[in-house]
1. Please verify whether segment 142-153 includes one or more residues that are at pLDDT 95 or above and touching a Cys at 6+ places or on another chain (Cβ under 6 Å).
2. Could you tell me whether residue 194 is in a loop (DSSP other than H, G, I, E, B), of a type in the set (A, V, I, L, M), at negative phi and touching a Gly at 6+ places or on another chain (Cβ under 6 Å)?
3. Does residue 114 satisfy the condition of being under 25 Å from residue 134 (Cβ atoms) and modelled with pLDDT of 95 or more?
4. Is it the case, given these coordinates, that residue 150 is surrounded by fewer than 24 Cβ atoms within 10 Å (Cβ to Cβ) and β-branched (Val, Ile, Thr)?
5. I'd like to know if segment 182-202 contains one or more residues that are in contact with a His (Cβ under 9 Å, 6 or more places away or on another chain), of a type outside the set (Asp, Glu) and either closer than 23 Å to residue 72 by Cα or modelled with pLDDT under 95 (or both).
6. Could you grab me the full set of residues in segment 141-199 that are touching a Pro at 6+ places or on another chain (Cβ under 9 Å) and either under 17 Å from residue 235 (Cα atoms) or polar (S, T, N, Q) (or both)?
7. Could you check segment 115-142 and list, in sequence order, the residues that are touching a Lys or Arg at 6+ places or on another chain (Cβ under 7 Å), assigned to a loop (DSSP other than H, G, I, E, B) and of a type in the set (S, T, N, Q)?
8. Residue 70 passes all but one of (1) within 20 Å of residue 153 (Cα to Cα); (2) of a type outside the set (Val, Ile, Thr); (3) assigned by TED's automatic domain parsing to the domain that holds residue 187; (4) modelled with pLDDT under 95; which number fails?
Amino acid sequence: MGKNMSLSLFLVIFLVSGFLFLRYFESHLVFYPTKEVQIFPKDRGLDFEDVFFKTKDNIRLNAWFIPSPKARLTVLFCHGNAGNISHRLEKILFLHALGCNVFMFDYRGYGLSKGSPSEKGLYLDAKAAYDYLISRGIRPKQIIGYGESIGSAAIIDLASTQTMAALITEGAFSSGKDMAKNAFPFLPYWLFSLRLDSERKIKSVKIPKLFIHSLNDEIVPFEMGRKLYNAAPQPKEFLQVQGGHNSCFFDSEDILREKMAEFLKRAAQ
């Protein structure tokens, strides 16, 4: 009896410890923040405002607002899970060249933003960025939501509850569940805490949508991007590009420039 109880206690401790370790590992597997801001827009000849604002739960976030003369649209950019805003300067230049204001912010725990990253934090941070733009006098119908990789989950969540002109996603996945199954097919999904259920939320997003996904994406399978697109209501477009998850934007830059210029022109009407 004593040995059986000891064995049972050992198994319980082992399973609980494994569960807690997995939850800790999960967060560090998903979020790769970099604190050091390596370059600023001014280093590439762009005027910008270095902005700080607070979230609903009182976390101080950092962002850049890059104005474009006579811009009719402002791109609210939610970046991917690694680095910080200084690693997206080429995308800022690209969007700025299309005649848009660009507002790119760092999630909590990234760059100069305070706090620690989490799924709930992603949504609170995106909402705070949106509210900041509104506070500047930018109207909801002048805002283009842009989500890169995990940033797509943040911007889709925002678009499901807030008004904006249009939505663009790049390398988006359908849900955390699908990503977990793809990465860890031998583990039951209920062990993971992250939901990131964009497939469910996109069903309520009625604005024009452009889904960009590479056929060669080695991190978020192409089929997952199509699954998200299929779940979305009209109006919607899907742009298939070439290149890796983190390189397709530049590998397919000419195709993207033409499609996005056309998409943004319609959104501004």
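The values are calculated or read from the model by the stated rules, or taken from the named source; none is laboratory data. These numbers come from a predicted model, not from an experiment. Cβ sites come from the backbone with ideal geometry, for glycine too, and all protein chains shown count toward neighbours.
1. yes
2. So residue 194 fits the description; yes.
3. In short, yes.
4. So residue 150 fails the test.
5. Among the residues of segment 182-202, not one is in contact with a His (Cβ under 9 Å, 6 or more places away or on another chain), of a type outside the set (Asp, Glu) and either closer than 23 Å to residue 72 by Cα or modelled with pLDDT under 95 (or both), which makes the answer no.
6. Those that are touching a Pro at 6+ places or on another chain (Cβ under 9 Å) and either under 17 Å from residue 235 (Cα atoms) or polar (S, T, N, Q) (or both): 162, 163, 164, 165, 166, 167, 182.
7. The one that is touching a Lys or Arg at 6+ places or on another chain (Cβ under 7 Å), assigned to a loop (DSSP other than H, G, I, E, B) and of a type in the set (S, T, N, Q): 116.
8. If we test residue 70 against (1) within 20 Å of residue 153 (Cα to Cα); (2) of a type outside the set (Val, Ile, Thr); (3) assigned by TED's automatic domain parsing to the domain that holds residue 187; (4) modelled with pLDDT under 95, just (1) comes out false.
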